[in-house]
Every structure is written in structure tokens, then in C-alpha cells.
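Taking it in order: structure first as C-alpha cells, then the write-up.
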Amino acid sequence: MRNPTVLASGFLGTGFDLMKRVVQEGGAGAVTMKSIGPRERMGHPNPSVVEWKHGILNAVGLPSPGYKNMEEEWAGLEKRTFPLIASIYGASVEEFAEVAKAVALHRPEAIEVNISCPNTKCEGQVFGVNEEASASVVKAVKKEIGEIPLIAKLTPQAWNIGAIAKSCEGTGADAICAINTVAGMLIDADARKPVLANMFGGVSGPAVKPIALKCVYQIYESVKTPILGMGGISNGRDAIEMVMAGATAVGIGSAVHYRGFDVFKRVCGEMEQWMEENKVKSLEEIRGCAHG
Ligand SMILES: Cc1cc2nc3c(=O)[nH]c(=O)nc-3n(C[C@H](O)[C@H](O)[C@H](O)COP(=O)(O)O)c2cc1C
């Protein structure tokens, strides 16, 4: 990666042309695709994304064309000159393995396993809140993708996120990504109803920054693998703080909406400025420094 910023999954990550722009004009060091599922899925009805005072609340519901209907997109992506992270999800360990096998044929630079989704074989419990469930997904996916680096994307809903990260590292994760959105809802006082058609959704943006920092901090204490830290990063200072918690690279999603798609370039510039002002020569010098 030419810089430590990564486009988070679910934002602009559809189609080669858009991704190329995010890299060339926007300045991202790598891009993550929208999570790919085992079959075509419409997602939740609208309203499914709302902006509020402190962030974004979404319940898009993992819409996906399904891995079998993406040949055109993959054909376009063959021309890429940037690092591509393919994100995948499934509703069971077997589905994760099935999607991973198909996606690996296209040789993305890494495969991110979105374990923040529900396991239908476990009464809809999110994989990522359970050490065994997380580990079994990582193990099954690693078996299918071989040498392609595997990133496990964790949910902040896990009370023991350090232990979850460790179980993923122990079963083949080459890196950990945190955090996915935080469960939440908004109610409209005038309408006397939930704002989202789905009632509940996931919170992202500035509101989740303290949660993300806490998770990355705990993960850093538990694993040796690199951490892709994300959640509420809007500017260079936020990114520097994430590195101080232990992140090697930083993901940016909601801030694309707030600051435009050249947010990556701007965040990098702001990080460099902070480093110059504070006489820090490389991020290595400050990585994890908040741990004392
Ligand atoms: C509209 C929307 C769609 C998202 N879709 C995905 C997705 O498909 N897969 C995934 O792993 N995360 C998804 N996320 C979560 C983001 O990748 C990221 O983890 C989260 O938004 C926190 O980062 P941020 O505060 O910079 O947005 C989505 C978030 C939003 C707001």
C-alpha cells in the first residue's frame, strides 16, 4: 500500500471505475469491496440509511448480487493497479467457505471475512460474538483461499473482542479489522416511530470513534497480527489516534460522505502535518504508544 488509508466495505466499493477513482483521485491506499454473499440478496427496504447529528445509521442489510453474478465486475477489476480487498459473508460456515472459494479464483490482494453477520445455524447469533464460531469461519475460509491473506473483520458487539481476535489469529487470520458498525436505532418524535424501516441498524461515523479505539486497543494487547482500525475516522488526528491504539492501517467509510471521496488524500496530508509538527518520522514510532 502506498499509504495507510483503506476504503471501508460498503462505501463506493462497487465497480472498477468507481474504485479506480477512489484510489487515483481520492488517494486511498487500498479499497475494500462491498461484502459479497452466497446468493442474490435485496437488502432491507428504505429508509435504510439516515444521517444524524453524530454519524450514520444504516440497515442496508447486506445487499449483494451473489458471487455467481459478478463476472462483469471481476473482469473490470482485472485491470486494477491497486490493492483490492474482497469482503465476504455467509449465514453458515459452509456458505463462507463456498463464497471464499469462488472469490479466491479472482486473486484479490486480501479477503476480508465479515463475521459481523448472523449465523442461521445458531439462532441468528452474530458469528463474531463467539470465539468458536469466529474461529471456525476463519479456519474454513483459510482452507479455501490458501496463500491469499485473510482479514477477520470483528464486531464491537463482542464483549471479549481481544479473545475473539486471538481465536481468529490462532486459526489463520493474517490481520484483524475492527470495527464494524455498532447496533442502534433512532426514533422520530413527530412520527412516533423508528426512523429505519428495519427499526434497528448499525451506527458508524464520529459517534463510534471511542468504541473503535477501545476495541483496537484491546485487540492490540491480544494479537501480533496487523490491525486495520476503523470506526469514526474523519481526519488525520483521528487516524493518528487509531495508530496510537495499535492500528497498522486505517479504514475510512462514513467520512467519505462527510468530506468527499478525496478524504483519503486529505487524511494522509493531515497525518503528515501532525507528524512533522510532532517530529515523528514514521508511524512505527507511535504505533501502540497509547499502551505505555
Ligand atoms: C451504508 C453502510 C454499508 C456498509 N456495508 C458494509 C459491508 O457490506 N460489509 C462490512 O464489512 N461493513 C460494512 N459497513 C461497515 C463499514 O465498513 C465500517 O466498518 C463502519 O462503517 C465503521 O467505519 P466508519 O465509521 O468510518 O464508517 C457498512 C457501513 C455503512 C454505513
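The values are calculated or read from the model by the stated rules, or taken from the named source; none is laboratory data. The structure presented is a predicted model; accordingly, all values stated were derived computationally and were not measured. Glycine gets a Cβ as well: all are built from the backbone with ideal geometry, and neighbour counts include every protein chain shown. Surface areas here come from the heavy atoms of the whole protein model, side chains and all, with no ligands, DNA or RNA. Shrake-Rupley method; radii C 1.70, N 1.55, O 1.52, S 1.80 Å.
Return the residue satisfying two criteria in turn: it lies in region 184-198 and is open to solvent by 70 Å² or more (accessible area, probe 1.4 Å) and without any contact (Cβ under 8 Å) to a residue 60 or more places away in the chain, and of such residues it is nearest to the chain's Cα centre (by Cα).
Per the criteria, the residue is I187.
Given (1) more than 23 Å from A245 (Cα to Cα); (2) modelled with pLDDT under 95; (3) of a type outside the set (V, I, T), identify the lone condition not met by W159.
It is condition (1) that W159 fails.
Give me the strands (runs of 3 or more DSSP E) completely within region 185-281, filtered to those with at least 3 residues that are among the hydrophobic types (A, V, I, L, M, F, W, C), ordered by residue number.
The qualifying strands (runs of 3 or more DSSP E) are 227-230, 249-252.
Of the residues S9, S64, only one is at pLDDT 95 or above, near the ligand (Cβ under 9 Å from one of its atoms) and either within 24 Å of L196 (Cα to Cα) or touching a Gly at 6+ places or on another chain (Cβ under 9 Å) (or both); which?
Checking each option against the conditions leaves just S9.
Quick check: anything in region 154-171 under 18 Å from K101 (Cα atoms), away from the ligand (no atom under 16 Å from the Cβ) and of a type in the set (K, R)?
No, region 154-171 contains no residue that is under 18 Å from K101 (Cα atoms), away from the ligand (no atom under 16 Å from the Cβ) and of a type in the set (K, R).
Only one of E73, E109 is among the acidic types (D, E), within 16 Å of the ligand (Cβ to nearest atom) and closer than 15 Å to V31 by Cα. Can you tell me which?
On inspection, the qualifying residue turns out to be E73.
Closer than 25 Å to P63 by Cα, open to solvent by 20 Å² or more (accessible area, probe 1.4 Å) and free of Cβ contacts under 8 Å to residues at least 40 places away in the same chain - does that describe any residue in region 171-181?
The answer is no, given that none of the residues of region 171-181 is closer than 25 Å to P63 by Cα, open to solvent by 20 Å² or more (accessible area, probe 1.4 Å) and free of Cβ contacts under 8 Å to residues at least 40 places away in the same chain.
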